[in-house]
């Protein structure tokens, strides 16, 4: 047990609800809870078994605060590895505050953000990458990010790193041994095997590092700039893309739908749609500010959706094409999809001529009707083609955390140094230094190597109560 | 067991947090939970004892949704009186939705608002007035409303009603008996004792009915109109009144403070401050709309705080006094408190002359400095003087619910009819009808007498998950 103090915090979302949970953890969790909890059957809470639930009242000086359920988790069989008591009370904000204040008066202290998980880590219940996955899991808002966080929390990533680390450690100790017998010039570590190991480690590290491109996109969503004039059908298109998901969401009360129009999940991958006004030439000062902003947003985006209305394109098609050429020349590497909406309003012949006109641009083009829901699947597939979800489907480890990515890059650099040293016949003592450094970076990921500042940075981003 | 279907809902507040609770209740709660819950120690969830907690994963078709704790409550030892399973999962909105959908796919149905508590009532775990207190408890945002709801939920009010009802029922059955022996003209029910009982019931009913004036104010807060020009120091004054409370609130993260400036709790009683602009004569059309609004707000308020600045009063005092006279004449019964702010800016002599000027109004007046926190306690006491908190301190039953109030009024009317009938020698059969009617209204409060429409109205106001 590393901590003297018993901490308390609200574990459930803030606000009013049917039920709220107040969590106590630390060596005095049971004794503090017992001071204010009066069981309906007169049981002494502090004498009860782990993983049991007890009905009672929260009382102090004859005043009753609430009827609650107290759940007991005894050290080490708890989330933090310490004694934990969870009080499930009525979910009024007033009651939550009153009970927390009561527990503070009785010797608990307010938990810092992430302090429960920090204690879990320091008590060996989770490694550091698993602890980070807990925060990712809570923040996950789509299938893909949820799945990756879940895999990481269950130790998938840690196991992969731990395995590499162990093998490397094995060789490192043999090399260290050689140093002890330096004058005899022996080789305990088989150089051929060692080279093979380094190659394997390099291969795995490169795969993990490459996965960050996908992982980062999945974690943060793919930014898509929609360029299009007002009334071209942007929100109808977003609604059509959202179709099934929205129906599901509205089934469950309490879901906020305020921002849903800007963030869509397609096949489990998040897309963030950024609305822009278009970039037609103008002398108007206000409008030219608008054009500047459109360019900024295109720059931030990973994909550009150029949205037109079929009838309007028939009138001003050539102007639009000049406009798109401009964007294309400015951002030659940015994928652009031309979407012509409301195709149901023009004839098949007109559609054909429109397609021919657009072909000069040599860009991906999709004709659709957002209202009638035609062409929507094609657009979905186009958007998804920018994400390599193969790794996701194959259940491979995907790195989503910038900190892990940095450590992996540094570890790779050290491994490459070691391999270069091996190839060029570097002496064991110098090689040992590089190996140690690689081991250090592996350890950074899972938390074998750590320091207060690093932990501070990681857990400061957690919510209080986790 | 009255319900075939097993219901599910989120029990914790909506939004993201460390932990969320999903609650299942019904005869299939355990079997549905067992289908998707895989214990880490391979235990069969449906075979576990009541009031125990189990760690495991939510899984379906090889896909893991989350690591959760499952708490088991076996019929009748649960909130609803049915089998209940509570799944404590990671608090991401996405995970909450996924697990609820999974349970719906496995045979649960979405709970209606208040359906858990409705089942608790229909299964005899709570009477109707206690069930209503659950909603009040969750909505309570200050000491007084919390205390009343708590007392009501613990059955204080129900016991009082039940006792009266039982005594009345006793007499009613004796009177019914007399009807069976009508031809023999016997009196089983002692008329003197009966009269005493009726008087006692009338006394208690009147006390409960009177308590509604306090109860209603405590439940909804006392509306106070602050009349005052801009920059007269309204928010400084509210802050000064709030002083300690705010300091406590800010200690606990997650508390919304957006509306706190308009709602203050003083000594456990809620006050709602309604900001108004003042009512000086004007020819301006827009301003006269403002004056109209000020009058409307004064009308809604129970107390009017007239706020002035000392220096400005020295200049325009007589105008202000004309203005206040106007309000006073328009609302002769409305309590008005004159508050002169920033008294630290004028000399003691000037203060005295100001007081003398105001005395002509014959209203309560307070000189204070919101900034320097002088006179604040006097204002607090003045505001509190409008609430009879005696009943609250003496732990008497206070009626807060309009439905209860209506039933009590009707019961009183019937009791008075019975007493009148008794005095005027009404025949037993006619008296029996009035007694039955009184019993009916008592029963409405606690739910012995009920119907679907009444229950529908009551529970529709609950949140889902309660």
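The values are calculated or read from the model by the stated rules, or taken from the named source; none is laboratory data. Being a predicted model, the structure only gives us computed values, none of them experimental. Glycine also receives a Cβ, built like all others from the backbone with ideal geometry; neighbour counts cover every protein chain displayed.
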Hey, any hits in the stretch A:26-49 for a residue that's over 22 Å from residue B:49 (Cβ atoms), touching a strand residue (DSSP E or B) at 6+ places or on another chain (Cβ under 8 Å), buried (at least 21 other Cβ atoms within 10 Å of the Cβ) and within 13 Å of another protein chain (Cβ to nearest Cβ)? no
For residue B:362, only one of the following conditions fails: (1) without any contact (Cβ under 8 Å) to a residue 24 or more places away in the chain; (2) on the phi < 0 side of the Ramachandran plot. What is its number? (2)
Which one of the conditions (1) within 13 Å of chain B (Cβ to nearest Cβ); (2) modelled with pLDDT of 95 or more; (3) closer than 30 Å to residue A:448 by Cα does residue A:114 fail to meet, given that it meets all the rest? (2)
Taking the conditions exactly as written (away from chain A (no Cβ under 14 Å), over 30 Å from residue A:92 (Cα atoms), over 19 Å from the mean Cα position of the chain (by Cα) and modelled with pLDDT under 85), does residue B:203 satisfy them or not? no
Among the residues of the stretch A:352-367, are any within 14 Å of chain B (Cβ to nearest Cβ) and either surrounded by fewer than 14 Cβ atoms within 10 Å (Cβ to Cβ) or at pLDDT 90 or above (or both)? no
Unique match (being at pLDDT below 90 and within 11 Å of chain B (Cβ to nearest Cβ)) among A:143, A:86: A:143
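Tally time: how many residues in the stretch A:56-68 are touching a strand residue (DSSP E or B) at 6+ places or on another chain (Cβ under 8 Å) and either facing chain B (nearest Cβ under 8 Å) or closer than 19 Å to residue A:97 by Cβ (or both)?
Restricting attention to the stretch A:56-68, the residues satisfying the condition of being touching a strand residue (DSSP E or B) at 6+ places or on another chain (Cβ under 8 Å) are A:56-59, A:64-68.
So of that shortlist, the ones also either facing chain B (nearest Cβ under 8 Å) or closer than 19 Å to residue A:97 by Cβ (or both) come out as A:57-59, A:64-68.
Of the residues in the stretch A:56-68, 8 are touching a strand residue (DSSP E or B) at 6+ places or on another chain (Cβ under 8 Å) and either facing chain B (nearest Cβ under 8 Å) or closer than 19 Å to residue A:97 by Cβ (or both).
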Can you tell me which residue in the stretch A:112-152 is surrounded by the most Cβ atoms within 10 Å (Cβ to Cβ), limited to those that are in a loop (DSSP other than H, G, I, E, B) and out of contact with any helix residue (DSSP H, G or I) (no Cβ under 9 Å at 6 or more places or on another chain)? A:123
Pair list, Cβ under 6 Å, 6 or more apart: the stretch B:409-437 residue surrounded by fewer than 14 Cβ atoms within 10 Å (Cβ to Cβ), other residue at pLDDT below 90: B:429/B:179
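Have a look at A:69, A:2, A:24, A:10 and point out the one that is within 34 Å of the chain's Cα centre (by Cα) and at pLDDT below 95. Walk me through it before giving the result.
Numbers: A:69 fails: at pLDDT below 95; A:24 fails: at pLDDT below 95; A:10 fails: at pLDDT below 95.
Going through A:69, A:2, A:24, A:10 in turn, just one is within 34 Å of the chain's Cα centre (by Cα) and at pLDDT below 95: A:2.
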Mind checking which residues of the stretch B:1-24 are outside any loop (DSSP other than H, G, I, E, B) and within 12 Å of chain A (Cβ to nearest Cβ)? B:8, B:9, B:10, B:19, B:20, B:21, B:22, B:23
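Tell me, please, whether a residue that is within 30 Å of residue B:171 (Cα to Cα) and crowded, with 19+ Cβ neighbours inside 10 Å can be found in the stretch B:372-384.
Step one: of the stretch B:372-384, the residues within 30 Å of residue B:171 (Cα to Cα) are none.
Checked against the condition, which is being within 30 Å of residue B:171 (Cα to Cα) and crowded, with 19+ Cβ neighbours inside 10 Å, the stretch B:372-384 yields no hits at all.
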